Amino acid sequence: MSLYTVSEEFYAETEEKKSRFMAFLVPYSRFEERLEALRAEHRKANHHVTAFRYILPDGRIIESAKDDGEPAGTSGMPMLKTLIGHQLVNCGVIVTRYFGGIKLGTGGLARAYSGAANAVISEAKLQPWFKIVSKKMAVGFAKSAELEREIMLLKLDVVERNFTEDGVQITVSGPESVVAQLNW
């Protein structure tokens, strides 16, 4: 199963029975910071509903959904299910709602919040997500140029390079499937 993520923020706005839903899809690394900024910027908004998915280094996925005052299960969970359906990780959705005066009911809320999440995801430039790993290698000076060339061709990041009496020790990082191609 392929997973996807985003590296920048995306925005979409929807309206349902005069209620305004402002949806933000943000990378997980900026999720809490962006939520606080939106709360400060939109103090008069009735709700700031959130959902996120984050993948741990061991491959487990942490998920969260918060309704922020909406009836339980009517807003955060539908947005989380939308993230799951689009196979998104390491990102989250924040939907800021301005109440329009007409109650939507539980089904209407679920449709409105999942619709807002779908709208912002459709605006986003999704990128494939890859597990990033590191690998440490040691080679003699005679082979170091060949290794450096292979690292460059695979577009891996050099994390550390130490020279010893016997040669060089190089630590690289990159997508797991690409690092696995290094046979040193």
## Note on the structure
For the stretch 132-179, averaging the sequence separation of alpha carbon pairs under 8 Å that lie six or more residues apart and dividing by its residue count, the contact order in percent is 52 percent
### Query
Tell me, what is a quarter of the convex hull surface for the C-alpha atoms of the stretch 1-55, in nm² with one decimal?
5.0 nm²
#### Entry: Peptides ranked, highest mean first, by Cβ atoms within 10 Å: ranges 72-81, 26-35
72-81, 26-35
### Message
Taking θ = phi - 60°, what integer Hz values does the Karplus form 6.51 cos²θ - 1.76 cosθ + 1.60 yield along the stretch 11-26, in sequence order, with x for Gly and Pro?
### Response
9, 8, 10, 10, 9, 9, 6, 6, 8, 9, 10, 9, 10, 10, 9, 10
### Query
Ordered by residue, what ³J(HN,Hα) values in Hz, to whole numbers, does the stretch 79-96 give under the Karplus form 6.51 cos²θ - 1.76 cosθ + 1.60, where θ = phi - 60° and Gly and Pro are x?
5, 4, 5, 5, 4, 4, x, 8, 6, 8, 9, 6, 7, x, 10, 10, 10, 9
### Summary
Scoring the chain by relative contact order with C-alpha pairs under 8 Å, at least six apart, yields a percentage of 25 percent
### Task
Per residue of the stretch 165-173, in order, report the coupling 6.51 cos²θ - 1.76 cosθ + 1.60 (Karplus, θ = phi - 60°) as ³J(HN,Hα) in whole Hz, putting x for Gly and Pro.
5, 8, x, 9, 10, 10, 10, 10, 9
### Query
Here are some values of Cα Rg over 2.2 N^0.38 Å: (i) 1.38; (ii) 1.22; (iii) 1.09. Which one was computed from this structure?
(i)
## Note on the structure
Interchain or sequence-distant (5+) residues whose placed amide H lies within less than 5 Å of the amide H of Leu88 are Tyr4
### Task
Evaluate the charge dipole of the chain about its Cα centre and quote only its size in Debye, nearest 20, assuming +1 on the Cβ of each Lys and Arg and -1 on the Cβ of each Asp and Glu.
720 debye
### Task
Please label the shape of the stretch 103-184 as rounded, prolate or oblate, based on the square roots a ≥ b ≥ c of the eigenvalues of the alpha-carbon gyration tensor (a/c under 1.5 means rounded; beyond that, a/b larger than b/c means prolate, else oblate).
prolate
### Task
Would you calculate a helix-derived [θ] at 222 nm for the chain, using -39,500 (n - 2.57) for each DSSP H run of n ≥ 4 and dividing by the full residue count, to the nearest 500?
-9500 deg cm²/dmol
## Note on the structure
Over its alpha-carbon atoms, the stretch 132-179 yields an Rg and a Dmax in Å of 10.4, 31
### Message
Here is the link list: Lys44/Lys125; Lys18/Lys44; Lys66/Lys131; Lys17/Lys81; Lys81/Lys125. Which ones come out longer than 25 Å on Cα distance?
### Response
Lys44/Lys125; Lys66/Lys131
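Each value in this text was obtained by applying a stated rule to the coordinates, not by laboratory testing. Here the structure is a predicted model, which is why all the values come from computation and not from measurement. Methodologically, a virtual Cβ is constructed for each residue, glycine included, from the backbone with ideal geometry; neighbour enumeration extends over all protein chains shown.
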